[in-house]
Amino acid sequence: MALPQIALPAGYRWRTLTPADRRLVTELDTWAFPSGTSHDDIDAAPSPLTWDRAIAIEADGSDGLVAMHASYPFGKFPVPGAEVPTAGLTWVGVHPQHRRRGLLTAMIDLHLARCVERGEPLSALFAAEAPIYGRFGYGHAADDLRLDIPRGAALRDVPGAERHTVRVEVAGRERHGDLVDRLHRAAGAAPTGVPGMNRPGWVTRETEELQAAHWDDTPAHRGGRESRRIMIVELDGEPRGYVTFRRTLAWGATGPRGQVSAGEVVAVDAAAARALWGALLDLDLTNEVTPFTLPVDDVVTQLLVNLRAASPRTPDNLWVRLVDVAAALAGRQYAADVDVTIEVTDGRLPANAGVYRLQAEAFGPASVERVDPEFEAPELSLDVRDLGAAYLGGKSLAALAAAGLVTEHRRQGQRASVLARASTAFGWPVAPGSSWVF
């Protein structure tokens with residue numbers, strides 16, 4: 001398929017990529033994201049890229065690539081109560097010598113144009129630098145939780161946790177791949193145990209390339225830690241949760257000071273979660289457990305008797321961009337009845353700009369239509385960036401309005417606040433977030 005006609009500065013040209021370009025991609029990537037790992041060691045690991053979605057830029061007089069971006073095809077990206085096809089923007093990098101020349105802007109425009117062509121109403125990403133993507137219409141849609149939990153931290157009891165058994169093994173795809181995929185999907189589909197009450201943003205690794213890269217355990221990428229382990233909790237022989245982890249061993253004057261670096265910590269119910277956290281916090285020769293990324297409402301925040309002692313931090317997680325406003329709004333559910341007209345501005349995709357009427361019953365299907373503002377005046381106005389921030393239900397429209405980013409148009413004699421009703425509807429009972437960085 002020919003690329004959309006997105007202009008580049010003079011002397012630059014687009015280039016499609018194939019697996020044969022792996023070394024060129026590695027060389028550019030280590031310019032954009034410095035690494036002490038050799039190129040040979042990096043290339044020894046499987047690439048996560050979907051190559052027909054990877055595009056680079058070449059420059060006259062320069063060897064290799066000077067910029068690139070790619071995306072992952074998330075056909076089942078979770079949004080409140082549903083799934084919407086989404087392009088996971090990734091591997092965005094520009095060689096230091098070619099910065100500040102408009103290459104990033106051109107790559108984002110090309111990415112969004114290809115999303116339109118593929119019929120993907122959303123784009124999502126993790127931002128290496130938080131200030132960059134807002135100007136392209138991406139909204140800060142989710143946070144995650146980082147903790148440093150002392151070994152043996154007290155946990156509240158959960159009935160049934162004691163019935164679970166625990167096994168600890170060296171992690172490998174052949175033995176554990178299906179188990180991990182199944183439990184991860186189940187935990188995202190019903191984190192509260194209620195079907196349909198899903199976790200927005202809980203994206204799975206849908207491609208073979210992503211699965212292969214995830215399970216690779218190349219020594220050069222371990223950072224001095226042991227090979228990847230997995231702890232599985234079971235009830236009557238049925239797996240109910242897992243955590244992947246690596247340990248390091250250190251000694252201090254008072255004894256062992258080992259650290260447990262945990263990857264995904266996943267459980268399908270409260271009892272399994274209590275059993276899993278209890279076992280993870282009691283590994284020998286350690287003094288701290290550091291999960292990489294957790295949902296901000298993870299059950300451990302309620303189980304820890306002293307959450308403060310775990311030094312909680314909440315960095316940004318997913319950023320979301322609505323590529324097709326009508327399809328994206330109609331593609332999710334809402335937590336309350338809603339009937340509202342919303343004016344959306346979008347400087348990057350002018351076709352999105354306009355007034356939309358959104359109608360939905362709580363936890364039911366939604367309908368969206370573009371309306372003429374002369375006949376149906378907007379009740380709320382906001383930029384597509386701020387609509388993206390609220391889209392997964394983790395950021396409040398009312399909070400955005402308090403910051404001057406959403407405008408409510410109150411009509412004379414109107415009692416109830418449209419903003420309050422819409423803010424309630426756009427919320428979701430479960431906090432959004434991805435359990436891995438793409």
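Around the Cα centre of the range 243-379, unit charges on the Cβ atoms of Lys, Arg, Asp and Glu (plus for the first two, minus for the last two) sum to a dipole of about 1000 debye.
GNM on the chain, alpha-carbon springs under 10 angstrom: the most fluctuating residue among 168, 25, 325 is 168.
Just to be sure I understand, if you calculate Cα Rg over 2.2 N^0.38 Å for this structure, which of [x] 1.30; [y] 1.00; [z] 1.05 do you get? Of the listed options [x] 1.30; [y] 1.00; [z] 1.05, [z] comes from this structure. Taking each residue as 0.36 nm, the span from residue 44 to residue 154 lengthens on full extension beyond its C-alpha to C-alpha distance by 35.4 nm.
Label sites at residue 182 and residue 118, each approximated as a point 7 angstrom past Cα along Cα to Cβ, lie 3.0 nm apart.
Placing pseudo-labels 7 Å out from each Cα toward the beta carbon at residue 403 and residue 251 gives an inter-label distance of 5.0 nm. For the range 249-323, with all protein chains in place and a probe radius of 1.4 Å, 52% of the accessible heavy-atom surface sits on carbon or sulfur.
Charges only on Cβ, +1 for Lys and Arg, -1 for Asp and Glu: so what's the dipole of the range 14-150 about the Cα centre, in debye to the nearest 20?
With Lys and Arg at +1 and Asp and Glu at -1, about 380 debye.
Think of the range 122-167 as having a plus end and a minus end, set by charges on the Cβ of Lys, Arg, Asp and Glu; of 165, 131, 141, 165 sits farthest toward the positive end of this dipole.
Modelled label positions at residue 162 and residue 2, each set 7 Å beyond Cα in the direction of Cβ, lie 7.2 nm from each other. Accessible surface for the range 177-255, divided over its residues, is 45 Å² per residue with a 1.4 Å probe.
For the range 22-173, the solvent-accessible area with a 1.4 angstrom probe is 42 square angstrom per residue.
Between residue 377 and residue 220, the FRET efficiency estimated from the beta carbon spacing at R0 = 60 angstrom works out to 0.50. In the context of the full set of protein chains, the range 319-376 has a per residue accessible area of 44 Å² (1.4 Å probe). Against the compact-protein benchmark of 2.2 N^0.38 Å, the Cα-based radius of gyration of the range 114-243 scales to 1.32.
I'd like the distance separating the alpha-carbon centroids of the range 228-286 and the range 357-409, in whole Å. With the range 228-286 and the range 357-409 each reduced to a Cα centre, they are spaced 42 Å. Legend: calculated FRET efficiency, residue 16 to residue 420, from the Cβ-Cβ distance at R0 = 60 Å, rounded to 0.05, equals 0.80.
Applied to the range 269-277, the Karplus parametrisation 6.51 cos²θ - 1.76 cosθ + 1.60 on θ = phi - 60° returns per-residue 3J(HN,Hα) values of 7, 5, 5, 5, 5, 5, 5, 5, 5 Hz, with x for Gly and Pro. For the range 359-426, the carbon plus sulfur part of the accessible surface works out to 51%, probe radius 1.4 Å. Carbon-plus-sulfur accessible fraction, the range 1-103 (probe radius 1.4 Å, protein heavy atoms only): 51%. For the range 293-378, a Kirkwood hydrodynamic radius built from all Cα pairs, placed in the Stokes-Einstein relation at 37 °C and 0.692 mPa s, yields a translational diffusion coefficient of 206 µm²/s.
The values are calculated or read from the model by the stated rules, or taken from the named source; none is laboratory data. Quantities reported herein were computed from a predicted structural model and do not represent experimental measurements. Backbone-built Cβ (ideal geometry, glycine too); neighbour counts: all protein chains shown. Each accessible area value is taken on the protein alone, full model and side chains, heavy atoms only, with ligands, DNA and RNA left out. Shrake-Rupley method; radii C 1.70, N 1.55, O 1.52, S 1.80 Å.
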